[in-house]
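**Q** Sharing a structure with you now.
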Amino acid sequence: MSESPKKSALSESQSKPSSGNVSSQSASRIRNFRKKKVSIEQLLKDLLQGNKTALGKGITLIESNQLSHQKQAEQLVEGALPYSQKSIRIGITGVPGVGKSTFIESFGSYLISEGKKVAVLAVDPSSSVSHGSILGDKTRMENLVKESNAFIRPSPSGDSLGGVARKTRESIILCEAAGFDVILIETVGVGQSETTVHSMTDFFLLLKLAGAGDELQGIKRGIVEMADAIVINKADGDNQKPARDAKLEFNRALQLYPAKESEWKPEVKLCSALYNEGIPEVWKMISEYREKTAQNGYFEHNRHQQNKFWLHQTINDHLKNRFYNDPKIKSALEEQLQLIEENKTTAFAAAKYLLSLD
C-alpha cells in the first residue's frame with residue numbers, strides 16, 4: 001500500500017536538512033543528549049581514567065545553577081575527593097597586559113615536556129552590564145590546548161568576588177582526580193580576587209612588568225605580601241635592563257616584609273614567556289618551595305586551613321542563596337527597594353526588616 005502524500009512529504013522533510021544551520025538529525029541528537037540523564041557513577045569512572053570529556057562535563061555540572069545539577073555535582077565531587085590532593089595548585093595573577101596567558105602557555109608547555117599533566121582553570125571577566133564573557137583563553141593558548149596532557153577550562157567570573165569563579169575549588173578536586181598534577185589558576189587581574197585565590201592554592205605567583213610603575217606598586221603591602229614569588233615578565237630586547245633594575249627594587253621591597261609562616265623567602269625571577277626564557281628556573285623555584293614546605297609541615301597545614309576557610313565560605317554562600325531565593329524575601333525586597341526610591345526608608349532599615357523575615 002502506497003504512502004499518503006501527506007505522510008510521504010513528512011518522511012521526506014525529516015530526512016532532509018532543515019532550512020537552518022542544524023540538520024533534523026543533528027537537532028534530534030542534541031535533544032536526545034539534553035534529555036539523557038547523566039550517570040554520575042559512569043562519569044566518575046571516566047573521570048578517574050583521565051577522560052577530559054568527562055572532566056569537562058563534571059565542571060559543567062559544578063557551574064550549573066540548576067538544583068538537579070547541583071545535587072549531581074555534589075555526588076561527583078564527593079566521589080572524586082579520595083582521589084584528589086595529589087597536585088600542586090599554583091595561583092597566577094597580575095595586571096591586564098602583563099602576559100598571563102602567554103606565561104601560562106609557555107609554563108604549561110614546559111611542564112608537559114617534563115612529564116607533567118597540566119590543568120588550567122582560567123577565569124574570564126564577565127560584563128557587569130550584559131553578564132557575558134569572551135571565554136577566549138583557548139584561543140590565546142592555541143599551542144597548549146593541542147597537548148593531550150593539558151586541560152584548559154575558561155569559566156565566566158559572574159558576580160563572584162574579584163572575578164574568581166565560585167566553583168573553582170570543586171573544579172580543582174575534579175582535575176586532581178582526573179590525574180592532573182599541576183593546577184594553574186589564572187585570575188582576572190589584580191584586585192580583591194587575590195585573597196580568594198590565595199585561599200585555594202599552594203603557591204601564589206605574581207607577574208609584574210618592568211618600566212610600568214610596578215616597582216613602586218610592589219613596595220605597597222597587600223598583594224606582594226601574599227606572593228610566594230614575583231616573576232617579571234617580558235624581560236627581553238630593550239626591556240632587559242629595566243627588568244634587572246625592577247628585580248633589584250622588588251628584592252629590596254621584599255626585605256621590608258616579615259618572615260612567612262611557611263619559612264619560605266619569596267624570590268624574584270626574570271622571564272620572557274614569549275621566548276621561553278627563564279621558565280625552567282620558575283619551575284625549579286616552585287619545586288624547591290614544595291620540598292621545603294613538605295618537610296616543615298606547612299604544605300599540609302596550609303591545605304587544612306584552606307578546607308576550614310572553604311567550610312565557612314560554603315555556609316555563607318548557602319545562606320545567601322537561601323535568603324534571596326525565598327519567595328517571601330523576594331516580594332518584600334521589591335517593596336523595600338521601592339520605599340528606598342521614594343525616600344521612605346533607609347537601606348539599613350530595609351536590610352534590618354528583610355533579615356527579620358528570614
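The values are calculated or read from the model by the stated rules, or taken from the named source; none is laboratory data. These numbers were taken from a predicted model, which means no experiment stands behind them. Here the Cβ is made from the backbone with ideal geometry for all residues, glycine too, and neighbour counts use every protein chain on show.
**Q** State which residue is surrounded by the fewest Cβ atoms within 10 Å (Cβ to Cβ) when the search covers only segment 158-194 and only residues that are part of a loop (DSSP other than H, G, I, E, B) and modelled with pLDDT of 85 or more. Spell out how you get there, then give the answer.
**A** Of segment 158-194, the ones part of a loop (DSSP other than H, G, I, E, B) are 158-160, 164-167, 178-181, 187-192.
Now drop any that are not modelled with pLDDT of 85 or more, which leaves 178-181.
Working: Ala178: 23, Gly179: 19, Phe180: 24, Asp181: 16.
My answer is Asp181.
**Q** Within segment 37-57, which residues are in contact with a Leu (Cβ under 8 Å, 6 or more places away or on another chain) and either assigned by TED's automatic domain parsing to the domain that holds Glu147 or in a helix (DSSP H, G or I) (or both)? Full working, then the answer.
**A** Restricting attention to segment 37-57, the residues satisfying the condition of being in contact with a Leu (Cβ under 8 Å, 6 or more places away or on another chain) are 38, 40, 43-44, 47, 54-55, 57.
Passing the criteria: Ile40, Leu43, Leu44, Leu47, Ala54, Leu55, Lys57.
**Q** Is there a residue being out of contact with any Asp or Glu (no Cβ under 7 Å at 6 or more places or on another chain) and at pLDDT 95 or above anywhere in segment 303-321? Break it down into steps so the answer makes sense when it comes.
**A** As a first pass, look at segment 303-321 and keep what is out of contact with any Asp or Glu (no Cβ under 7 Å at 6 or more places or on another chain): 303-321.
From what's left, at pLDDT 95 or above: none.
Scanning segment 303-321, I find no residue that is out of contact with any Asp or Glu (no Cβ under 7 Å at 6 or more places or on another chain) and at pLDDT 95 or above, so the answer is no.
**Q** Then there's this: Look through segment 222-279, keep the residues that are acidic (Asp, Glu) and under 24 Å from the mean Cα position of the chain (by Cα), and return whichever of them is surrounded by the most Cβ atoms within 10 Å (Cβ to Cβ). Write out each step before concluding.
**A** Start the filter on segment 222-279 by keeping residues that are acidic (Asp, Glu), which leaves 225, 228, 236, 238, 245, 249, 261, 263, 267, 277.
Checking which are under 24 Å from the mean Cα position of the chain (by Cα) leaves us with 225, 228.
On the way: Glu225: 13, Asp228: 23.
Among them, the one singled out is Asp228.
**Q** Taking interchain pairs and intrachain pairs at least six residues apart, which have beta carbon atoms under 7 angstrom, with the first residue in segment 334-358 and surrounded by 12 or more Cβ atoms within 10 Å (Cβ to Cβ) and the second in a loop (DSSP other than H, G, I, E, B)?
**A** Within 7 Å, the pairs are Gln336/Thr345; Leu339/Thr345.
**Q** Does segment 295-313 contain any residue that is among the acidic types (Asp, Glu), farther than 19 Å from Met200 by Cα and over 21 Å from the mean Cα position of the chain (by Cα)? First the steps, then the outcome.
**A** As a first pass, look at segment 295-313 and keep what is among the acidic types (Asp, Glu): 300.
The next check asks that each one be farther than 19 Å from Met200 by Cα; those that pass are none.
Looking through segment 295-313, none of the residues is among the acidic types (Asp, Glu), farther than 19 Å from Met200 by Cα and over 21 Å from the mean Cα position of the chain (by Cα).
**Q** Which of the residues that make up segment 268-292 are assigned to a strand (DSSP E or B) and of a type in the set (S, T, N, Q)? Lay out the reasoning, then the answer.
**A** Taking segment 268-292 and keeping what is assigned to a strand (DSSP E or B), we get 268-270, 272, 277.
Passing the criteria: only Ser272.
**Q** Give Val224, Val197, Val231 a once-over and let me know the one that is closer than 24 Å to Asn316 by Cα and either of a type outside the set (Gly, Ala, Ser) or modelled with pLDDT under 80 (or both).
**A** Details: Val224 fails: closer than 24 Å to Asn316 by Cα; Val231 fails: closer than 24 Å to Asn316 by Cα.
Step by step, each of Val224, Val197, Val231 is checked, and only Val197 is closer than 24 Å to Asn316 by Cα and either of a type outside the set (Gly, Ala, Ser) or modelled with pLDDT under 80 (or both).
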